[in-house]
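Undergrad: Sharing a structure with you now.
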Amino acid sequence: MSAPTLPAALADATRDDASLRRFLHGLPGVDQVGVEARATALATRSIKKSSKLWAIDTAISMVDLTTLEGADTRGKVRALTAKARRPDPDRPDTPRVAAVCVYPDLVATAVEGLKGTDIGIASVATAFPSGRSSRQVKLADVALAVESGATEVDMVIDRGAFLEGRYGEVFEEIQAIREASAHAHLKVILETGELATYDNVRRASWLALLAGGDFIKTSTGKVSPAATLPVTHVMLQAVRDWFTATGEVRGVKPAGGIRTTKDAIKYLVAVHEVAGEQWLTAEKFRFGASSLLNDLLLQRRTQHDGHYSGPDYVAVD
């Protein structure tokens, strides 16, 4: 194992499997009571009405508009890209979303639908959502996505290997996917609902960062629990501490279960308070969501019009 671009102290941690294990198990333990109490306290904070529209627009700009169902069709992806380009056709000042996220075989359809925009084209890969396949198959999955035009790759880690303590194996696989992703941004899905403890979330976050992940992502959205505020706090702490150690700003993406504007604002408050203001951009924080955008659009209309418009005024797809 090697990570030549890392600072010396961190590069030493990735020298071999024993060094990596020693580093990960040497990280400070997470105070479960403390992190849950802080997440609860921050979630009760209100924001001024004058700031709410900014928060809504910021959240819209951070959405990875997602469809990851077995029944997905090219027509559904075309509809999704149309919504990504013009989330609220009656309000042309509405921000565009950050990206559209689809399966690898539908990336080409998304590319066609987003032509001429700067909206990202994200593809899940590496035998999503389980991650249960050979390295060869996972790399082929990534190759299909990138060759089809994906600008972002959302990979899943091998949770079985991680939970068995085979950290070097997970590290090397993330590095291999990082290389195969070429110029595409790499988001590393930890599937935190399967990691059991906050300490494991912290270790998996650092492992993904050490291996070259541009983002760490909570979940596939296929496992419960998916994103939670306390878990996201732990991940935000990891990228904050990574920045302190390296000067590099890496991103965080909670995904799954974030459905309302109130939910989104709670996460934005957490970003500001735990990581810092510089993470309040789509380049460093994303929401993985399908239904969240509709509620954001409805609440945006409410802020502008002074009354609730109702769901019939926003396209479902």
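Undergrad: I want the local charge near residue 190. Using Cβ-Cβ distances under 15 Å, sum +1 for each Lys or Arg and -1 for each Asp or Glu among the other residues.
TA: Net of charged neighbours comes to +2.
Undergrad: I'd like the orientation of helix 32-43 relative to the chain: the angle between its Cα long axis and the longest Cα principal axis, in ° from 0 to 90, rounded to 10.
TA: 20
Undergrad: Once phi is turned into ³J(HN,Hα) by the Karplus curve 6.51 cos²θ - 1.76 cosθ + 1.60 with θ = phi - 60°, what whole-Hz value does each residue of segment 235-251 show in order, with x for glycine and proline?
TA: 5, 5, 4, 5, 6, 5, 5, 4, 4, 4, 7, 10, x, 9, 9, 9, x
Undergrad: What's the long-distance tail for segment 8-305, i.e. % of Cα pairs beyond 33 Å?
TA: Values: 8787 of 44253 pairs.
Tail fraction, whole percent: 20.
Undergrad: Moving to a separate point now. So which of 48/115; 52/83; 83/187; 49/187; 49/83; 76/222 end up more than 29 Å apart by C-alpha? Don't skip to the end; give the middle numbers.
TA: Values: 48/115 38 Å; 52/83 22 Å; 83/187 23 Å; 49/187 33 Å; 49/83 27 Å; 76/222 19 Å.
Pairs exceeding the cut-off: 48/115; 49/187.
Undergrad: Ok, one more. Please list the non-local residues whose amide H lies under 5 Å from the amide H of residue 217, H modeled 1.01 Å from N, same-chain partners needing a gap of 5 or more.
TA: 188, 189, 190, 253
Undergrad: Now a separate question. Tell me, what ³J(HN,Hα) does each residue in segment 262-272 have, in order and in whole Hz, if you take phi through Karplus 6.51 cos²θ - 1.76 cosθ + 1.60 with θ = phi - 60° and put x for Gly and Pro?
TA: Ordered by residue, 3J(HN,Hα) equals 4, 4, 4, 5, 4, 5, 5, 4, 4, 4, 4 Hz.
Undergrad: Still on this structure, please answer the following. Please give the per residue accessible area of segment 95-141, computed with a probe of 1.4 Å over protein heavy atoms only, in Å². Let's see the in-between values first.
TA: Numbers: 1880 Å² over 47 residues.
Averaged over the residues of segment 95-141, the accessible area is 40 Å².
Undergrad: Return the sequence-ordered ³J(HN,Hα) values of segment 119-127 in whole Hz as given by the Karplus equation 6.51 cos²θ - 1.76 cosθ + 1.60 applied to θ = phi - 60°, using x for Gly and Pro.
TA: Running phi through 6.51 cos²θ - 1.76 cosθ + 1.60 with θ = phi - 60° gives 5, x, 10, 9, 10, 6, 7, 6, 6 Hz.
Undergrad: If you don't mind, there's one more thing I want to ask. Long-range amide H contacts for residue 287: which residues qualify at under 5 Å (H placed 1.01 Å from N, peptide plane, sequence gap of 5 or more or a different chain)?
TA: 63, 64
Undergrad: Using 0.36 nm times the number of residues separating residue 118 and residue 197, minus their current alpha carbon distance, what extension gain do you get?
TA: On the way: separation 79, 0.36 × 79 = 28.44 nm, distance 3.76 nm.
This chain segment gains 24.7 nm when fully extended.
Undergrad: Tell me the carbon and sulfur percent of the accessible area for segment 8-305, rounded to whole percent, probe radius 1.4 Å.
TA: Carbon and sulfur together cover 50 percent of it.
Undergrad: Right, another one. Could you tell me the center-to-center distance, by alpha carbons, between segment 236-271 and segment 134-189 in angstrom?
TA: With segment 236-271 and segment 134-189 each reduced to a Cα centre, they are spaced 21 Å.
The values are calculated or read from the model by the stated rules, or taken from the named source; none is laboratory data. This structure is a prediction, so every number in the text was calculated from the model and none was measured. Backbone-built Cβ (ideal geometry, glycine too); neighbour counts: all protein chains shown. Keep in mind that these areas ignore ligands, DNA and RNA; they rest on the heavy atoms of the full protein, side chains included. Shrake-Rupley method; radii C 1.70, N 1.55, O 1.52, S 1.80 Å.
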